[in-house]
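The structure appears right after this line, and notes come after that.
The values are calculated or read from the model by the stated rules, or taken from the named source; none is laboratory data. None of the values given here were measured: they were computed from a predicted structure. Glycine also receives a Cβ, built like all others from the backbone with ideal geometry; neighbour counts cover every protein chain displayed. Ligands, DNA and RNA are excluded from the accessible area calculation, which covers all protein heavy atoms including side chains. Shrake-Rupley method; radii C 1.70, N 1.55, O 1.52, S 1.80 Å.
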Amino acid sequence: MRLERVPISVLTTRYVPGWWDVLAFLLVFVFFIYAAQAAHGLSGSLAGLEATPISLQPSALVGYSARTALRMLIAMVASLVFTFTYATLAAKSRRAEVILVPLLDFLQSVPILGFSLTLLFFLRLTPGRVAGAEMAAIFLIFTSQAWNMAFSFYHSLRSIPDELVEVARNFQLSPWMRFWRLEVPFGMPALIWNMMMSMSGGWFFVTVSEAITVGNTTITLPGVGSYIMLAIQHKDLAAIGWAILAMLIVIIIFDQLLFRPLVASADWFRLEQESGFTSTHSWALTMMRRSRLLQLVAAAFAALLHAGMKPRMAVASVPRRSSARRTRQLDYLWYALLLLVGLGALWRIAGFVMGAVRLGEIGYVIVLGFITLLRVAVLIALASLIWVPIGVWIGMRPRVANIAQPIAQILAAFPANLLFPIVVSAVVMLKLAPDIWLSPLMILGTQWYILFNVIAGASAIAPDLRYAGENLGVRGWLWWRRVGLPAVFPFYITGAITASGGSWNASIVAEVATWGSQTLTAHGLGAYISQATAAGDFQRIVLGTVVLSLFVVTLNRVFWRPLYARAERKFRIS
């Protein structure tokens, strides 16, 4: 009897796990073990936490690194949720934008020590338990990550080309579909770079987040930040070296398993694909694509996102009278309400502060604000002159960007505290002025906001625009003036705004440098807030925070926002 050959298409093949499935299973299994170990002790008591002090043994860094990385991962997820909700509402609602964008300026300007007052709030949520202190630490890390991501996504939503908006309207996409099919993909390349910068910003303030002191209340959580703080107090250079090594290992793990796959997947969302373009390669992304296990997880997540994503039916427009007058009246009512709320809050703050602070001291704090403003302006100008040309050069060369990305990420994550031994020793030995030589510490972590955003802008330059410049022989300064700078200008403004706010925030760390028993203090608003926090003087903490926020918000309203509006109006792709 002769058997006919059965077509392969009708054969039912049995699934056999491959090497990518085995690797994916091992990584997922290790992640759950890591999360369980890192979360161990969250249900413990604060008394038990105080009974086990931080150890400077290098072996202790294994558990400390896991705890710190988990806090940063949770804060990053919370920052993404905040970005997708807050920035979208600010970009789509004109009335909400009036309050949300200035509020974002204000929140970005509030020093992380100003948010440390929330420690008491979180401790009251779980009296006597470690969970409240953990929530406070995660919240402080969140405040060093979320604002930059929200600004980036807000800028992307305001810069969507008109033709893409018209396509979405012609396809009658619902708001949910438009968000996931148009707005998130368009903003994803810039958002990914800012996520890397935000993660590095969390590392920059890790010592403040895990070793929290507010007056007589001091909480020291197990983590790399607490380890670094204790090493600085004991002048233990070997321990600081081990902490730097632990940070590098965690940053590399995040880069390989999280950010490198995201950068590689961002190629899917490029507006235009040019021939010969070399996409970013990531072994982790290849594993995710080829593993059946992770494909099932991705399919479940995609089904969740697509739930209810039905195109809306076309609705015939009904002619109606113009309601411009009513809209104007509602606007005036909304602005009046915001003014009343602002005046009420200012009155309450003034009453709280004036109970312990004299009027002359308020003038002194304002003078300190101008001193810090001078430092920020000089440092932002210098950082722009250095990093804008370098960022454009890197962004237009994908292979170079792949190499520069982890290097810049590691440098951006380097906490200013780790340079205190060198800075303090140099200033004391050479008898230098702290007011000048402590200033570069302010820009140490925030200059990378400019570099990362300029790289994102340069990588988004349309190939047609580059080819047109080449064919017309546009080179040298003419190319920068007509092609390069206009293309990256909106991205630069986003980076400069966040770098400026971040520099004000970093002043609380940079203007007071401590190494063992030696403390150097520069005149400035950051040093004033840092000293008030150490003394538990809540009135002066509030005074310094309010003055700093007023400086930042005024600077953004008077200088940065007009530039932002010009970038949005003149250099938008449409």
Counting only residues that are of a type in the set (A, V, I, L, M) and more than 23 Å from V454 (Cα to Cα), segment 166-209 contains a total of 6
Determine whether A96 is without any contact (Cβ under 8 Å) to a residue 40 or more places away in the chain, surrounded by 14 or more Cβ atoms within 10 Å (Cβ to Cβ) and among the aliphatic types (A, V, I, L, M). yes
Just for helices (runs of 4 or more DSSP H) wholly inside segment 459-570: which have at least 3 residues that are in contact with a helix residue (DSSP H, G or I) (Cβ under 7 Å, 6 or more places away or on another chain) and under 26 Å from F151 (Cα atoms)? 485-510, 525-535, 538-555, 561-570
If I138 meets every condition in (1) under 17 Å from the mean Cα position of the chain (by Cα); (2) farther than 23 Å from A506 by Cα apart from one, which number is that one? (2)
At pLDDT 75 or above, farther than 30 Å from P440 by Cα and open to solvent by 50 Å² or more (accessible area, probe 1.4 Å): does that describe F352? yes
If you check T83 against the conditions, is it of a type in the set (V, I, T) and closer than 30 Å to L525 by Cα? yes
Evaluate the following for F84: is it surrounded by fewer than 17 Cβ atoms within 10 Å (Cβ to Cβ), in a helix (DSSP H, G or I) and of a type in the set (F, W, Y)? no
Residues within segment 362-380 that are among the hydrophobic types (A, V, I, L, M, F, W, C), more than 17 Å from W560 (Cα to Cα) and open to solvent by 20 Å² or more (accessible area, probe 1.4 Å), tallied: 5
Give, as residue ranges, the helices (runs of 4 or more DSSP H) completely inside segment 139-215 that count at least 1 residues that are buried (at least 24 other Cβ atoms within 10 Å of the Cβ). 146-158, 184-204, 206-210
Can we say A243 is part of a helix (DSSP H, G or I) and either within 19 Å of I141 (Cβ to Cβ) or aromatic (F, W, Y) (or both)? yes
Picked from segment 143-181 (must be among the aliphatic types (A, V, I, L, M) and within 13 Å of F84 (Cα to Cα)), the residue farthest from the chain's Cα centre (by Cα) is L157
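Residues are listed down the side, and each one gets a yes or a no for (1) under 27 Å from L343 (Cβ atoms); (2) surrounded by fewer than 24 Cβ atoms within 10 Å (Cβ to Cβ):
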{"position": "G502", "(1), (2)": "no, no"}
{"position": "L520", "(1), (2)": "no, yes"}
{"position": "L525", "(1), (2)": "yes, no"}
{"position": "I529", "(1), (2)": "yes, no"}
{"position": "A535", "(1), (2)": "no, yes"}
{"position": "F538", "(1), (2)": "yes, yes"}
{"position": "V547", "(1), (2)": "yes, yes"}
{"position": "R557", "(1), (2)": "yes, yes"}
Boolean, V483 is at pLDDT below 85, surrounded by fewer than 24 Cβ atoms within 10 Å (Cβ to Cβ) and under 30 Å from I192 (Cβ atoms): yes
Which listed residue is among the aliphatic types (A, V, I, L, M) and within 20 Å of G502 (Cα to Cα), from V474, V483, V488, V454: V454
The correct count of residues that are open to solvent by less than 20 Å² (accessible area, probe 1.4 Å) and of a type in the set (S, T, N, Q) in segment 441-476 is 2
Could you please let me know if L120 is open to solvent by 10 Å² or more (accessible area, probe 1.4 Å), assigned to a helix (DSSP H, G or I) and not basic (K, R)? yes
